[in-house]
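To start, the structure under review is shown below, and the notes come after it.
The values are calculated or read from the model by the stated rules, or taken from the named source; none is laboratory data. Being a predicted model, the structure only gives us computed values, none of them experimental. Glycine gets a Cβ as well: all are built from the backbone with ideal geometry, and neighbour counts include every protein chain shown. With ligands, DNA and RNA removed, areas are computed over all heavy atoms of the protein, side chains included. Shrake-Rupley method; radii C 1.70, N 1.55, O 1.52, S 1.80 Å.
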Amino acid sequence: MQPDYRLLIDTDGSGRFERLCAILGQVEQQGSLRRATETLSLSYRYAWGLIRKAEERIGAPLLVSKVGGAAGGGAELTPAAQDLLRRHRLYQQEVATILGPAGAPEEDRPLLMASTIGPVETGLVDALATAYRAATGLWIRYIAAGTGQALGVARSGRADLVLVHAPALEEEFIAEGYGTKRYPLAANTFLICGPQTDPAGVAGAASAAEAMLRIAVARAPFVSRGDQSGTHVREMQLWAAAGVEPGDDWYEVWALGGQGSAATLNHTVALGAYTLIDSAAFAIVKPEGYAALYQGDPLLRNLFCLIPVHPQRFPQANHGGAERFVDWATGPEGRALIERFGLDEHGVPLFSLPSTGS
């Protein structure tokens with residue numbers, strides 16, 4: 001089974017994942033964990049502990065001992081470690097390509113935004129960026145990632161603002177001094193969806209928590225994105241509200257959940273399972289034989305917020321550009337676009353305007 005490397009990505013700004021990759025990269029070059037730690041000025045004990053914890057999380061070894069040789073032995077990467085490093089380097093290249101060089105003068109580069117996947121895969125971010133360019137002559141470049149990873153990009157100083165939808169992670173991001181303030185941009189709702197036959201009786205639940213409990217009691221198949229996206233964070237909050245710790249053979253953490261809600265829903269449909277998804281993605285996919293079985297609970301409200309990074313934490317960031325875009329996107333032109341977005345193509349708006357006081 002392919003190791004789920006997403007389990008190693010930290011979203012708290014600790015930098016453990018980057019240090020792990022740096023250690024593995026040096027082992028690849030040096031052929032020894034001890035020489036790698038000396039090069040990086042890290043303690044051997046710390047590096048070895050970091051590797052062991054990572055191996056436990058993904059259930060696969062990352063280093064193997066190498067005996068003999070002029071240096072008296074050493075270490076080499078396993079195929080899993082080589083694959084992890086390859087993916088990490090590709091991701092770094094993607095960030096560098098999409099977001100451009102960090103620290104460039106404001107007038108020489110576009111506004112850099114890390115956005116959660118939903119508004120990108122529905123086309124909302126592209127529509128906003130295009131309209132903003134037409135109105136102001138200014139460019140926006142963006143990268144799509146789950147909310148946790150988008151906040152991680154911002155924590156590393158590689159974005160000027162984020163568009164995310166996990167209130168608890170957002171408040172933590174601001175409290176730690178990485179962001180200035182949450183600016184509500186758009187809203188829709190999460191849906192608990194599944195087969196129209198509804199074997200777990202979700203549609204008859206009195207609350208979202210009860211709906212999740214019914215799925216667990218029936219041991220009905222459920223697919224989780226498992227990627228620290230806003231959708232995954234909300235799913236785990238719903239399980240907690242239901243008093244359920246999901247697991248066993250009825251619960252699948254899909255290895256490709258990081259590809260987004262639409263891909264996850266298609267996988268869910270193929271299995272005849274339940275899942276949590278936002279209403280915009282459901283309207284786009286329109287899976288045959290599937291239904292939004294439960295909605296309307298306040299716990300399912302899905303709010304997307306813009307957060308500029310904090311100038312004191314990131315003095316090199318494009319703060320003026322972030323503020324201009326926030327003002328435009330939350331002003332009359334941006335609100336008019338959001339209110340109608342999706343109406344012509346799907347027959348219903350995919351997002352609504354956030355309520356006063358959001």
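Among the residues of the range 249-270, is there at least one that is assigned to a helix (DSSP H, G or I), open to solvent by 30 Å² or more (accessible area, probe 1.4 Å), among the small types (Gly, Ala, Ser) and closer than 23 Å to Ser207 by Cα? Let's see the steps before the verdict.
Quick first cut of the range 249-270, residues assigned to a helix (DSSP H, G or I) only: 249-250, 257-259, 261-270.
Next, only the ones that are open to solvent by 30 Å² or more (accessible area, probe 1.4 Å) stay: 249, 258-259, 266-267, 269-270.
So of that shortlist, the ones also among the small types (Gly, Ala, Ser) come out as 258, 270.
Imposing the further condition that a residue be closer than 23 Å to Ser207 by Cα reduces the set to none.
The answer is no; no qualifying residue exists.
Report, by residue number, each residue of the range 87-140 that is modelled with pLDDT under 90, over 20 Å from the mean Cα position of the chain (by Cα) and part of a helix (DSSP H, G or I). Glu106, Glu107, Asp108 - these are the residues of the range 87-140 that are modelled with pLDDT under 90, over 20 Å from the mean Cα position of the chain (by Cα) and part of a helix (DSSP H, G or I). Selection of the range 121-143 for residues being of a type in the set (A, V, I, L, M) and either surrounded by 20 or more Cβ atoms within 10 Å (Cβ to Cβ) or more than 23 Å from Gly179 (Cβ to Cβ) (or both) yields Leu124, Val125, Ala127, Leu128, Ala129, Ala131, Ala134, Ala135, Ile140, Ile143. Which of the residues that make up the range 226-248 are outside any helix (DSSP H, G or I) and under 10 Å from the mean Cα position of the chain (by Cα)? If the condition is that a residue be outside any helix (DSSP H, G or I) and under 10 Å from the mean Cα position of the chain (by Cα), then Gly226, Asp227, Gln228, Ser229 are the ones that fit.
Taking the options Ile277, Ile284, name whichever one is surrounded by fewer than 23 Cβ atoms within 10 Å (Cβ to Cβ) and among the hydrophobic types (A, V, I, L, M, F, W, C). Talk me through it step by step, then tell me what you get.
Numbers: Ile277 fails: surrounded by fewer than 23 Cβ atoms within 10 Å (Cβ to Cβ).
Result of the check over Ile277, Ile284: Ile284.
Restricted to the range 287-303, and to residues there that are in a helix (DSSP H, G or I) and of a type in the set (A, V, I, L, M), the residue that is surrounded by the most Cβ atoms within 10 Å (Cβ to Cβ) is Leu300. Residues of the range 206-225 that are outside any loop (DSSP other than H, G, I, E, B) and either over 20 Å from Val269 (Cα atoms) or charged (D, E, K, R) (or both): Ala208, Ala209, Glu210, Leu213, Arg214, Val217.
Here's the yes/no breakdown for (1) open to solvent by 40 Å² or more (accessible area, probe 1.4 Å); (2) in contact (Cβ under 8 Å) with a residue 40 or more places away in the chain; (3) closer than 19 Å to Val285 by Cα:
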| residue | (1), (2), (3) |
| --- | --- |
| Pro315 | yes, no, no |
| Ala322 | no, yes, no |
| Trp328 | no, yes, no |
| Glu333 | yes, yes, no |
| Ala336 | yes, no, no |
| Glu339 | yes, no, no |
| Gly342 | no, yes, yes |
| Glu345 | yes, no, yes |
| Leu350 | no, yes, yes |
